1. Please get the size of the charge dipole for region 26-106, origin at its Cα centre, with Cβ charges of +1 on Lys and Arg and -1 on Asp and Glu, quoted in debye to the nearest 20.
2. Pull out the extension gain between ARG189 and MET14, defined as 0.36 nm times the separation in residues minus the alpha carbon to alpha carbon distance; nm, one decimal.
3. Quick check: Cα centre of region 89-110 to Cα centre of region 192-270, how many Å?
4. What ranking, highest mean first, results for peptides 130-137, 57-64 when packing means the other Cβ atoms within 10 Å averaged over each residue?
5. FRET efficiency for ASP114 and ASP24, Cβ-Cβ distance as r, R0 = 35 Å, nearest 0.05?
6. Given a 1.4 angstrom probe, I'd like the percentage of the accessible area of region 183-264 that is carbon and sulfur, rounded to a whole number.
7. Hey, could you get me the Stokes-Einstein D for region 1-45, Kirkwood radius over alpha-carbon pairs, 4 °C and 1.567 mPa s, rounded to whole µm² s⁻¹?
8. Hey, rough spin-label estimate for ALA340 and ASP76, points 7 angstrom out along Cα→Cβ, what's it come to in nanometres?
Amino acid sequence: MTTEEAGVRPPHGMAPRVTVQIKDGAAVAQGAPVACLRNAPDVCFVSPMPGRVARSVLLRGHRLSEIVVFRDPGGDVVTHATDDAETEPGLRRLMQRAGFWPWIRRRPFGGMPDADERPAAIFVMATDTRPFAPDPREALAGREEAFLRGLRALSMLTAGTVFVCQLPGSRFVDGSDAKGLRVVHSGSRHPQGASGLRIHALCPAGLDSPVWDIHAEDVASLGALIETGRLPMTRLVAVEGSALRESRLVRAQVGADLRELTHRIVRPGPHALLSGSPLDGHFAHWLAPRDRQVTVLPRETPRAAPHWLVAALTRSATPKPVIPSAALDQAFGDMMPAAAFVRALGAGDDETAMKMGVLSLLEDDVALADYVLGGDAHLAELLRGLLDRIRTEFAV
């Protein structure tokens, strides 16, 4: 399902400095660059479909907010030269110019990696245990050869291991298909398929040892890019939520219009559109570069503020205590001392959090723990603040 409009956006939480490559109103081919990083011109943001640029929105400092494209069914598709894709420099240039680079997420700190970064390991997530997530096995059906080709390409970008995380019984790879490849199995209950927890358990990220993670379907798209010179811009997307009449599993382009994806299936009444899962999704107009879920929830009507005296008597000036429980431990997959870690986040204890593995985690990795704590802990905000402080104080 290709929506009539699409938004080219950076990964959630990023606002990189860019140079816009095309003027408003101009025709653009699928895969053509519409913007590139100012400090790394080879890293491009590309149009997800042939169309015409409606508007480009930049924040202060030439930071990218969004570039909106209207679809043109008769437009062209860019074909990239793949002659030197068998070398690491050539593969990097191909991935960056074709718009693949924003689909990679690095740790620590999140966002896409630097153009010349060499990771200590790469995690390919062929499992997704978040609520309502589409099954990567279905997304990879019929694309097994492209997936293996993409894995072999990724192995050139690191001297470490390429981990393929999949459910027991999956037959994507057996571990002997590429040099430096290791297959690991995870359970089917969330958060056992959370990439941050897998990284923390198998190859923790550090200030001098970044780790990348990428969805298995994107690896298959990389394999197709290397073979054909064209990067597939669609992915399997689950449209779910309690504000819908029915659920959908569609193939939509990166940056798809969430309103069109949910058209005619939303129940009457106010609702909220999230790009992502019910646990870690964020309010959005366009499908984020790495997301494969659209969640539609009823919008809560604002409640009247309580009388000031009632509020003073019932609201504590200090955060609620973190009570150790089996549910909290399970929210971190029993992979770290959960209560102590949450306390370190709440106290802003950088050094303790770093010793416990915070550099391997991002906001979506703590979303289930925040849900277990009733949403009052605001762990994602605490984690982001702590990571930003560590990057300022410790990172070179």
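The values are calculated or read from the model by the stated rules, or taken from the named source; none is laboratory data. Since we're looking at a predicted model, the values are computed, not measured. Quick reminder, even Gly has a Cβ in these numbers, built from the backbone with ideal geometry, and neighbours come from all protein chains shown. Heads up: the accessible areas ignore ligands, DNA and RNA and are worked out on the full protein's heavy atoms, side chains in. Shrake-Rupley method; radii C 1.70, N 1.55, O 1.52, S 1.80 Å.
1. Here the size comes out at about 560 debye.
2. The span from ARG189 to MET14 would gain 60.1 nm if fully extended.
3. When both Cα centres are located, 16 Å separates them.
4. Highest-to-lowest ranking by the protection proxy: 130-137, 57-64.
5. E between ASP114 and ASP24, to the nearest 0.05, is 0.70.
6. About 45 percent, which is the carbon plus sulfur part of the accessible surface.
7. Estimated diffusion coefficient is 109 µm²/s.
8. 6.1 nm
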